[in-house]
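Okay, so here's the structure we're looking at.
The values are calculated or read from the model by the stated rules, or taken from the named source; none is laboratory data. Being a predicted model, the structure only gives us computed values, none of them experimental. Methodologically, a virtual Cβ is constructed for each residue, glycine included, from the backbone with ideal geometry; neighbour enumeration extends over all protein chains shown. For accessibility, only protein heavy atoms count, side chains too; no ligands or nucleic acids. Shrake-Rupley method; radii C 1.70, N 1.55, O 1.52, S 1.80 Å.
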Amino acid sequence: MTISEMVAARAAGALQVGRAARSSKPSAAAMAAGAVLLAALPFLVFSSVTDTLVNLFVLIALASMWNLLAGFGGLVSVGQQAYIGIGAYSLIALADLGVQPYLAVPLAALTCAVFALPTSWLAFRLRGDYFAVGTWVIAEVYRLLVVRIDGLGGGSGKGLTGLSGIDQTLRGALTYWVALALALCTIGGCYLLLRGRLGLSLMAVRDEETAAGAAGIDVRRAKLLVYLVSAAGCGAAGAVITVSSLSVNPDSIFSVQWSAYMIFIVVIGGIGFVEGPLLGALVFFGLQQLLADYGSWYLVLLGAVGMAVALWLPGGLWGLIRGRTELSLFPVGYHVRRPDAAG
C-alpha cells in the first residue's frame, strides 16, 4: 500500500494509526507492578541482594545513555567514561562542600551537562571513526587533569564524606533506591524524548545527516541535545557508583572498560530499541554472576557471546523478539492497523 493509499484508507476509516501497540497497556501495567516490587525489595530481601542490584541499575542507566547517543543519534562514542568520572568527582567535591551526597547526585548530573557543552564543540568537529577515537582521547585528558588536583586526591583517589552518620542498613536502602530511580529515569527519559519531534529528528540524522539537514532538521541542535542528555545520565551513574563504593579512583572511574560494557550490553540487547539496553543489561549481569569465578575464561565467553550476537543477530536479542512477536514495551513509532484486525 502506497502512502497516498494509506492516507485515503485512514480518512475512510479503514485504517487506524496510533502511538501504542496492542501490547503496550498490559506491558505498562506489568512494568509498573515490577517497579513497585523493586522499590519494596529492601524490606523483603537481605542487603547483599540489593547491593548487587545497584550494579545492575547502573549498567541499565549507562547502556540506555549510550544507546540514545549511538543507537538513535548515530554518535558512536568510546569516551563516555569521561562523564562517569566527572560525575563521580563532582559528587566528591559537593560532599566536601557540605552537600548531602544523595542530594548531590542530580547536581553531579547537571555538572556533567555543563562540562559537555564546551566539550561538544571539540568533539563535533570530528566525524565517524575520528569522533569515536576523539571521545576516548577527551576522556583521557579529563583523567589526567583530575589526577593533578590535590584537593580531589590526586592519582590515589579520595573517599566520600557525608554518609558516616547514617545507619549502614538505611544507607544501603537509600543507595538502592537512588540507583533504581536512576535506571527508571534514564529508561523513561529516553522513551519520552524519542516519542517527540526530537526522536524523529535524531533517527533522521542517524540514517543520513546530509538529507536530514536538507529536510530542515537542525542537525547540530539535535546532536548537541542528545549529547548533553547522555553526559548527564552517565554523570548521575558515576555519582551513584561513588555513593555505593564510598570512594573514587581515577584509573577505575575513567576506565574505557565502562564504554566497553555499554557497547556490549547494547549490542547483545538490541541497538536502536529502548528495550535493548534493559534486556542486554540483564543478560550481561547474569553472565557476570555466573562466570565471574572463571578468571580469564569469563572474558573469553563474553567475547564469544558478543561476536555471536553481532554476526547472527544484528538486531540483538530484542530485535529477534520484536520480529517474532511484534512486542513493544516502549513504542516510539506509529502503528498502522485495520479496525477489524484480530488481536
### Query
Given 0.36 nm per residue, what is the gain on full extension from Arg125 to Val99 after removing their alpha carbon distance, in nm?
5.7 nm
### Message
Take Ser156 and Ala304, extend 7 Å from each Cα along the Cα→Cβ direction, and tell me the distance between the two endpoints in nm.
### Response
4.3
### Query
Counting only protein chains, not ligands or nucleic acids, how are Arg322, Arg171 ordered by accessible area (probe 1.4 Å), most first?
Arg322, Arg171
### Task
Using the 2.2 N^0.38 Å rule of thumb for compact globular proteins, work out how region 39-255 stacks up: its C-alpha Rg over that value, please.
1.05
### Query
With each run of n ≥ 4 DSSP H residues scored as -39500 (n - 2.57), what mean residue ellipticity at 222 nm is computed for the chain after dividing by its residue count and rounding to the nearest 500 deg cm²/dmol?
-22500 deg cm²/dmol
#### Entry: Cα centroid separation - region 43-59 against region 151-198, whole Å
13
### Task
Evaluate the distance, in nm, between pseudo-label points positioned 7 Å from the Cα of Ala173 and of Ala211 along their respective Cα→Cβ axes.
5.4
### Query
For Glu275, Glu208, what's the largest-to-smallest order of accessible area, 1.4 Å probe?
Glu208, Glu275
